[in-house]
Amino acid sequence: MKRSVAAHASEFSSAMANSSEELFDEHRSFLWGLLYRMTGCAADADDLLQETFVRLLERAPADDGRPLRPWIVRVAMNLAHDLVRRRRRSPYV
């Protein structure tokens, strides 16, 4: 019996959610600490951590056997640098 397209999509979505949750759990504390040290603000670190994982889900690097951590750290650092630059241009409230 053939499975419907909706069943395949649901299965794929479930697998993607599980792997995303595992990635988040694996890298969350390290990245949050890095972002907190760079921004000096827990709320900013939380926001940037969330944005980092959104970027990972939207534009993940090609799976060519290289580790993911260097890529995700670079994304987080770039986001933090952008925030710090914006802060310098306008007063931080």
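The values are calculated or read from the model by the stated rules, or taken from the named source; none is laboratory data. As the structure is a prediction and not an experimental result, all values here were calculated from the model. FYI the Cβ positions are ideal-geometry reconstructions off the backbone, even for glycines, and counts take in every protein chain you see. Just the protein is used for accessible areas: all its heavy atoms, side chains included, with ligands, DNA and RNA removed. Shrake-Rupley method; radii C 1.70, N 1.55, O 1.52, S 1.80 Å.
In table form, for the structure just shown:
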item: Filtered residues of the stretch 68-93 (kept if farther than 17 Å from residue 35 by Cα, open to solvent by less than 100 Å² (accessible area, probe 1.4 Å) and not hydroxyl-bearing (Ser, Thr, Tyr)); result: 68
item: Pairs where the first residue, in the stretch 63-75, is without any contact (Cβ under 8 Å) to a residue 40 or more places away in the chain and the second is assigned to a helix (DSSP H, G or I), C-beta under 6 Å, 6+ apart; result: 75/52; 75/55
item: Members of the stretch 41-67 that are open to solvent by 60 Å² or more (accessible area, probe 1.4 Å) and either among the basic types (Lys, Arg) or not in a helix (DSSP H, G or I) (or both); result: 55, 59, 60, 62, 63, 64, 65, 66, 67
